[in-house]
1. Mind checking whether some residue in segment 116-134 is in a strand (DSSP E or B) and either open to solvent by less than 20 Å² (accessible area, probe 1.4 Å) or modelled with pLDDT under 95 (or both)?
2. When segment 264-314 is examined, which residues are found to be β-branched (V, I, T), closer than 25 Å to S445 by Cβ, within 16 Å of ligand 1 (Cβ to nearest atom) and at pLDDT 95 or above?
3. Looking at S287, is it surrounded by fewer than 24 Cβ atoms within 10 Å (Cβ to Cβ) and touching an Asp or Glu at 6+ places or on another chain (Cβ under 9 Å)?
4. I'd like the residue in segment 484-500 that is among the polar types (S, T, N, Q) and assigned to a loop (DSSP other than H, G, I, E, B) and, out of all such residues, is surrounded by the fewest Cβ atoms within 10 Å (Cβ to Cβ).
5. Please work out which residue is nearest to S281 (Cα to Cα), limiting yourself to segment 315-325 and to residues that are open to solvent by 30 Å² or more (accessible area, probe 1.4 Å) and away from ligand 1 (no atom under 16 Å from the Cβ).
6. E194: among the acidic types (D, E), surrounded by fewer than 24 Cβ atoms within 10 Å (Cβ to Cβ) and closer than 27 Å to S85 by Cα, yes or no?
7. Being of a type in the set (D, E, K, R) and open to solvent by 10 Å² or more (accessible area, probe 1.4 Å) is the filter here; which residues of segment 518-557 pass it?
8. Do the conditions hold for L58, that is, is it buried (at least 18 other Cβ atoms within 10 Å of the Cβ), out of contact with any strand residue (DSSP E or B) (no Cβ under 7 Å at 6 or more places or on another chain), assigned by TED's automatic domain parsing to the domain that holds Y160 and not hydroxyl-bearing (S, T, Y)?
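The values are calculated or read from the model by the stated rules, or taken from the named source; none is laboratory data. As the structure is a prediction and not an experimental result, all values here were calculated from the model. Glycine also receives a Cβ, built like all others from the backbone with ideal geometry; neighbour counts cover every protein chain displayed. For accessibility, only protein heavy atoms count, side chains too; no ligands or nucleic acids. Shrake-Rupley method; radii C 1.70, N 1.55, O 1.52, S 1.80 Å.
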Amino acid sequence: MSENIDDTQEWLRKILSKTAYDRLMRINNRELHKFIAWAVDLCKPSSVFINTGSEEDLDYIRRKAIETGEEIPLRTPGHTVHFDSPFDQARAREDTAILLPGGAKLPFIRTKDRDEGLREMYKLLDGIMRGREMLVGFYSLGPKGSPFSILAVQITDSYYVMHNENILYRPAYDEFVKQGERARFLKFIHSQGELNEMKQSKNIKLRRIYIDLQGETVYSVNTQYGGNSIGLKKLALRLTIKRAMEEGWLSEHMFIIGVRGPGGRVTYFTGAYPSMSGKTSTAMLGSLIGDDLAFLRNVNGEVRAVNPEVGVFGIIEGINPVDDPLIYEVLTKPGEVIFSNVLMTDDGDVYWNGMGKPEPDHGINYTGKWWRGKTDEKGNPIPPSHPNARFTVSLKAFRNLDPAYDDPNGVPIGGMIYGGRDPDTWVPVFEAFNWEHGVVTIAASLESERTAAVIGKPGEREFQPMAIIDFLSVDLGVYISNYLKFGSGLSRPPKIFGVNYFLRDEQGRFLNSKEDKRVWLQWMERRVHNELPAIETPIGYIPRYEDLRVLFREVLNRDYAQEDYRRQFAIRTTKLLEKIDRIWKIYAEIPTTPRRFFEVLEEQRRRLLRAKDEYGDVIPPDKFSMKY
Ligand code: SPV
Ligand code: MN
């Protein structure tokens, strides 16, 4: 194929159907034409479908997902189920790499030489779509036409992947047409590769997910699991983080919610938690803007945020009518829902672990026919649904959708929450002294036990700065510097909070109940408006007992025992000092870590050492003094 654009168009005219060609040419953008021509030439599909996002096109994708067997229709109208391979049930860290020229390396990030990675990828993609249809979709990450937003093009041979994207992102073919040559966009190319009889990717050994920052292109092959295949989700995050660094904003792994305070006021919060650490369930306690991703910008000195998505790709395990009534309702009423890796029952319904119903004796799951007692090749029992089983649904299905969810100006952020699975160090909720202190000692110091959302052994404590390490595409030191700089440009910086829902006692029992987070949210809401005093400790401000007692009564209609408070909010100095040592060591090995980072961490160490000297290892909260 020639490099000449007229030739490219001519080539496309010959190779595409008239409809596809006309649709593509309505977008007057040469880079786009070249990208599509390149992909067609390489992957050799038998046809190309240009998805304009019209109701008819969306319906075509839904129908083909079923016709090809990638999805199976269920009894409830609009519901379908998809099964990923048993070896493709979560994000594949080992097979994912950031491509960097000259084989450059970045701490904590899996990188690969760009030329080598591209060469390997082109070989894998060569002819991979033979006999299949190539799908091309156009989307906007963020409200259409908003200064926050970024355009993206997805190429895939999976109707399931495009079906997900049609639910999760704003279709933007018209925006491409409007912007024409001006359109700057991210590129994603995905192929599920060869499939087995269950329509699962077969060549998992050749699963590769390569992120080319320079070309703003992500390649994903021989995988179907959403976190690896849905380009606009976690693959786009790598590219938008890089853009955010260049342009001085924040592209984050965060929910955005409105929390209703006294007199009906709504205060917006973001929340960063590693997967399966209470993120979605916290998001559901507020009015929903987004559950997973956020773009944050400084707008006239305040932080405003938009959700790049308009849907939820959520974890289904444990969702039941008592703990998560809003999601449960969405998952059981008629309407468009894609389930993945749950159990399909004989009567065409779905079952998932922890849904509050008796477990069926048998059914179909990601391993094929399933029966209670079925084991894998190592003899381990196979659960009916995978712990990382998911659902895909539009935000519009949720009763608690915030009216501003699609506002092109975003919503003002009052507080930013960071939380992890931490058995023994952090208190359930606390507030940083200021932006710098919060960024360094809370956000950048986040740690969490590994969960089933990534392939590997769950339970180990992992370094999880900003809950984003799995998606980071730039040097961590540069990323932290950008955060600090972003804050220094704000006249009204949001308050930064740390939360920990997973604190345990010596016997391993959780110290808090699931609904306590409702109270923490209300406390944070009051603190954003400076309405409650707090106790000043070496790690920041913590709630007073008397305020929590009132809030527990108001929010949960429950007593809150002083003894519980003293245990939950004790400052564990030795554990906190050990944590500082771990964090210090990590950042000391990153040459770009800003000096200020170590100063802030050192101040915290000194405060903790002084307190430990005076009061001992574990300090009950009443030893510290109040601050208004
Ligand atoms: C997460 O694991 O953080 C998710 C799902 O939101 S995934 O798309 O796999 O990243
Ligand atoms: Mn996520």
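1. Yes, segment 116-134 contains a residue that is in a strand (DSSP E or B) and either open to solvent by less than 20 Å² (accessible area, probe 1.4 Å) or modelled with pLDDT under 95 (or both).
2. Hits for segment 264-314 are T270, T282.
3. So S287 fits the description; yes.
4. Within segment 484-500, the subset among the polar types (S, T, N, Q) is 488, 491, 500.
Still in the running and assigned to a loop (DSSP other than H, G, I, E, B): 491, 500.
Working: S491: 8, N500: 25.
Applying the filter and picking the extreme gives S491.
5. Of all residues in segment 315-325, those open to solvent by 30 Å² or more (accessible area, probe 1.4 Å) come to 315, 317, 321-323, 325.
This time we only want the ones that are away from ligand 1 (no atom under 16 Å from the Cβ), so: 321-323, 325.
Numbers: P321: 12, V322: 12, D323: 8, P325: 10 Å.
Here the residue is D323.
6. yes
7. Once the filter is applied, which keeps residues that are of a type in the set (D, E, K, R) and open to solvent by 10 Å² or more (accessible area, probe 1.4 Å), segment 518-557 yields R518, R526, R527, E531, E536, R544, E546, D547, R549, R553, E554.
8. yes
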